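Down below is the structure, laid out as structure tokens.
Read-outs: derived from the displayed coordinates by stated rules, not from any lab. It should be emphasised that the depicted structure is a prediction, and the values quoted were computed from it without experimental measurement. With ideal geometry, Cβ positions are generated from the backbone for all residues, glycine too; neighbour counts draw on all protein chains shown.
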Amino acid sequence: MSAAPESMAATPAPVKGRSLWVDAWNVLRRNRAAMVAGALIFTMAVLVVVGPWLSPWDYAQTDWDNVSIGPDWESRHYFGTDALGRDLFVRTLHGGRISLLIGVVATLVSLLIGISWGATAGYLGGRVDHVMMRIVDILYAMPFMFFVILLMVFFGRNILLIFVAIGAINWLDMARIVRGQTLSLKHKEFIEAAEAQGVASFNIIRRHIVPNLLGVVVVYVTLTIPQVILVESFLSFLGLGVQEPMTSWGALVNEGAQEMGTAPWMLVFPATFLALTLFCFNFVGDGLRDALDPKDR
Amino acid sequence: MIRYALSRFLGAIPTLLILVALAFFMIRAAPGGPFDSEKALPPEIEANLRAAYHLDEPLVQQFGRYLLNLARGDFGPSFQYKDYSVTELIAAGFPVSLRLGGSAMILALLLGVTAGTMAALRQNSRTDHAVMAVSMTGISIPNFVMAPLLILLFAVTLGWLPAGGIGDGSPRYLVLPVISLALPQIAYISRLTRGSMIEVLRSNFIRTARAQGLPERTIILRHALKPALLPVVSYLGPASAAVITGSVVIEQIFGVPGLGRYFVQGALNRDYTLVMGVVVFYGALIILFNLLVDLVYAWLDPKVKYA
Amino acid sequence: MLRAVFLYALAALLVLLAGCTDAGPAGREAAGNAPIGGPSGTELAERQVLHRGNGAEPQSLDPHKSEGVPESNLQRDLYEGLTIDDPELGVVPGAAESWEISPDGTVYTFRMRANGRWSNGDPVTAHDFAYGLRRSVDPATLSNYSIMLRPILNAEKVIAGELPPEALGVRAIDDLTLEVTLEAPTPYFLGVLNHSASYPVHRGTVEKYGDRWARPDRLVSNGAYRLKDWVMQSHIVLERNPYYWDNENTTIEEVWFYPIENQSIELQRYRADALDMTYELPFRQLAWLRENLADDIRISEYLGIYYFGLNVTRPPFQDNVALRRALNLAIDRELLTRQVTNAGEIPAYGYVPAAAYYEQVVPEWADWTQEERLAEARRLYEEAGYSPDEPLTVQILYNTHENHRTIAVAIASMWQDALGIETELVNQEWKVYLETRRTKQDTQVFRAGWIGDYNDAYNFLEILHSESGLNDPGWNNPRYDALLEAASREIDLERRAQLMHQAEQLVLEELPVIPVYFYVTKRLVKPWVGNYRPHVLDHVQTKDLKILKH
């Protein structure tokens, strides 16, 4: 960030950006659903971080005296226990940490790849652009979910692998969006000015193109995180999610779904958390899109 | 138009080749082999088995053999299901998957577009909020939760519909699987339709049409629906991929004998040929589908010129 | 135009849903108020059709090319070996009506049934069995279970390709007389003869269709049922074989086998009356089942041991018997079987389950209280060089499965509580797990299980022979090997049992494996399924069952 003052001096972009953000904030503030959803996400994030300390139980601890019981305040199993006597309250929150972490990190991975790819292709243009986008087209047609499943089956249920695998399938959209935006930005005056001053291509991409893409990116991120959480839960259904005794919402919901007729609390609590989170992210995403992209709607 | 279609079609061939190569080498890199079992095989028998399936040849030669056979439409013998060839398994499973996935797709389009249009016409009304709330729920609840819930309600408790399997092939057996598979897609499509319909309804040519006093019905069906469907059409490519992946879950829960079940089974059993068969077949299908979607899009959208 | 598209789409949906067949729903008669089986309790239902859950999709219906339990359930209905293993009577005549055993126990002469028929009407002869046994061991058949026939003279050499299949010690003296010569007296040999590796196959059919004969319209079998239909991943239908020699005592006309791997899904289908018998039941839902379906739960002994193997070729378990004993004692098997597995599994203190002609070994500590065991475990743990301050860190490997996960978590938690051991759980998918186990490089503790192929203790003990391909703990004890070899040559059943007893005692002293519990068969059976008899190897043959009026 040491380069920030220079770029401020060189272009009017940040000033323009700030006013865009102020406008967007004003629109967003009036969207009550999105604001409530945003507050809920924040609460959820705080809860999954501090919540486990509110219970005397540990997420991997077995309470042999209370196996598979419903919510019970006396033994301080607020959400009940699973078939191994593990506290569901702590596990739900712990699972939330993992799910949110996977959602955020995998989205960042796809963001990183998508932005660099798209911005480079769009800015450089010509043959490079053609080849790069052709690669995206080819990859677009791959049944990626199948490859992710194969990866997880063959190379173990490493949490790192989940990040990379999910991130790697999501970057294609980002690359396309970013390229489109870059193409339209490319001919704006401030870029041409920077080019005239002889700033290197890489620096132009980094300093001018990428910051101006932020609007699109923010919307994309809020809409991708819930998708990633869903993909993780899909992998959990196939038994390919995170490793025991760790857990995730997907894994908990899958376990709960197996026993919904007999131990409904095992499904209800994690499923509510999962659905609520996805719900909120989608609301915030929609709200942000309305706010940041006045043309849409 | 035909030339455009042809060039796009030829362009798909390298994509397909990359797909085959990627899948082939990835599967072979996996630890564990098709003949591992708890009771270790005598080495002689294992050697015989490897020779019978050409697994003793160099990998590149095996790949070449695979491509040659593939070109003839032969996916090879299944390692796991010894009484059948992969081609036979695909031929048996695909019609079932197609029936399931196709029904789900059409149902999603019919319901999604209708609900989305209705919501857009009465923006911010109660209908709108109801449609959007239902669709949000559809997006937020994984189908492996929705499916057992439906079974519990409609099969176990009420006894109206079968709990799974295909029985004698009567449509009753497909109702619950199709609904479970279609729900998330209904949700996405109705959201998309609503968004684009609202935008179209605000555009100048609709205002002109209204000003001319055309009936609302005509305006919607004749003028607004076609442009409003563009984003839905471009979503069909990803949607078909999503339906195919979703059917892996749905087929497993409902015991529907489609292709999706072979995929996970095949991967777990290291049934190389079967996994390859399913990946290549589905991959080709998705590629083909994307192609069709592009063509439909080109036909619907007057702005697209075929270069 | 768009309206037309809409209508087309609607029509297409209807066509897709309707499919090609349009038969009515396969409804079953609704349960009336009458008692099951009518007033007498034995009255039969009009429709004699049985629906059975059957675990996984079978690999093959060729008896020489399959190994799993789902396959053998189907094949037991389709084919008939020389003997049958009856739940109450033990080994009884099957396709052979009688046999004689030479005094030295190495030559078996079987008399075939004169009225034995294949499902196409051809007579079942001694030549068919000779052909079947030879085909089974022929390396060209690519059988993965031919090793079962190892007791027969020259079988191992034929399997290894050193001798031609004709050299196998099997001879059809005439159409109805079959002579089998063994390498050494093998008391359990008659039990091997109802295993699928020893089933006959119809020569004409196999030769006509090659690898692809085991399919509907082609498969010819000699059992009580024949193959009617096979829809992969959906169901297999068998119908009564009218030529079967005992056809008049068969009641059920048709049996449907469904491959359903997930037990919760299977339970839902059972509750919706789409199944009469399940393959298994979800043990996490047992409490609920006991409350709601108590009469349908059938739990019975199963000849199998669930154990944890210890890799004794590497630290920390190499040459550290004290540590192995400490881990063994720290497992509270009573708690585990009561609270976790919960279906009446039997805590295993010894290694061999209750097999025929064998008294189980019960080690001394089996009578101790858990406190006494823990005290001894702590002492041994310290003797082994560990303490709560310097705890052992150990890895438990298991193959991905709900039940194994649950048990591994429970045992890790017991070790943690009792000794402060830190455990890391590693689950690997089946094929990877097998490879990891076999290479003995990275494994420390691994979950394992063994189900008897035939009802004999030897089947369990031979796993730990130093040259066994299944000896994944890597245990090597020359005395153990010598005892087993002596047992395999012994004709006298009592002496043989003693030798095996001594061998098992060695296992329990050195503990290359930690026994956890003995398996039980657990499934749900509808009250109208008559004559369901539990079997220690879970051989439940459809021909013995009947559907009562309901």
List A:Phe89, B:Phe144 from most exposed to least, where exposure is judged by having the fewest other Cβ atoms within 10 Å. A:Phe89, B:Phe144
5 angstrom amide H check on C:Val361, placed H, neighbours 5+ away: C:Tyr351, C:Val352
Please give, to one decimal in nm, the separation of the simple spin-label points placed at C:Glu467 and A:Phe42, each 7 Å out from Cα toward the Cβ. 7.4
Would you mind giving the three semi-axes, in whole Å and largest first, of the ellipsoid equivalent to region C:76-211 according to its Cα gyration tensor? 20, 20, 14
Just from the alpha-carbon atoms, what are the Rg and Dmax of the protein assembly as shown in angstroms? 32.7, 109
Computed over chain B, the relative contact order (Cα-Cα under 8 Å, seq sep at least six) in percent reads 26
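Within a 10 angstrom radius of each residue's Cβ in B:104-117, how many Cβ atoms of other chains show up on average? Whole number is fine.
On the way: counts 2, 4, 10, 5, 0, 4, 4, 0, 0, 3, 1, 0, 0, 0.
Counting other chains' Cβ atoms within 10 Å and averaging over B:104-117 gives 2.
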Angle check, please: helix A:144-155 long axis (alpha carbons) against the longest principal axis of chain A (alpha carbons), in degrees 0 to 90, nearest 10. 60
For the cross-link pairs C:Lys431/C:Lys522; C:Lys228/C:Lys543; A:Lys186/B:Lys226; C:Lys526/C:Lys546, which exceed 21 Å when the distance is taken from alpha carbon to alpha carbon? C:Lys431/C:Lys522; A:Lys186/B:Lys226
Mean Kyte-Doolittle of at least 1.0 and a Cα length of 30 Å or more along the axis: which whole DSSP H helices of chain B meet both? B:2-28, B:86-121, B:230-254, B:272-300
Give a quick list of trypsin sites (Lys or Arg not before Pro) in region B:188-288 that DSSP marks as loop, anything other than H, G, I, E or B, with at most 13 other Cβ atoms within 10 Å. B:Arg202
Using r as the Cβ-Cβ distance of C:Arg489 and C:Asp367, and R0 as 45 Å, what FRET efficiency do you calculate, to the nearest 0.05? 0.80
Name the aspartates and glutamates eligible as straight-distance cross-link partners of C:Lys208: C-alpha to C-alpha under 15 Å, and not fewer than 8 places from it in the same chain. B:Asp83, C:Asp62, C:Asp217
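Helix-derived [θ] at 222 nm for the protein assembly as shown: sum -39500 (n - 2.57) over DSSP H runs of at least 4, divide by residue count, nearest 500?
Rounded to the nearest 500, it is -16500 deg cm²/dmol.
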Distance between Cα centroids, region B:88-151 to region A:245-295: provide it in whole Å. 18
Rounded to the nearest 0.05, what FRET efficiency is calculated for A:Ser184 and B:Arg8 with R0 set to 35 Å and r the Cβ-Cβ distance? 0.85
Angle check, please: helix A:214-237 long axis (alpha carbons) against the longest principal axis of chain A (alpha carbons), in degrees 0 to 90, nearest 10. 30
Identify which of B:Ser97, B:Ser190, B:Ser85 has the largest mean-square fluctuation in a Gaussian network model of chain B, with springs joining Cα atoms closer than 10 Å. B:Ser85
Residue order, fewest to most surrounding Cβ atoms within 10 angstrom, among B:Thr273, C:Thr125: C:Thr125, B:Thr273
Need one number: % antiparallel among DSSP beta bridges in the protein assembly as shown, to the nearest 5. 80
For region C:27-145, what's the relative contact order in percent, using C-alpha pairs closer than 8 Å and at least 6 residues apart? 18
Once you keep just the Cα pairs under 8 angstrom separated by 6 or more residues, what percentage relative contact order results for chain A? 26
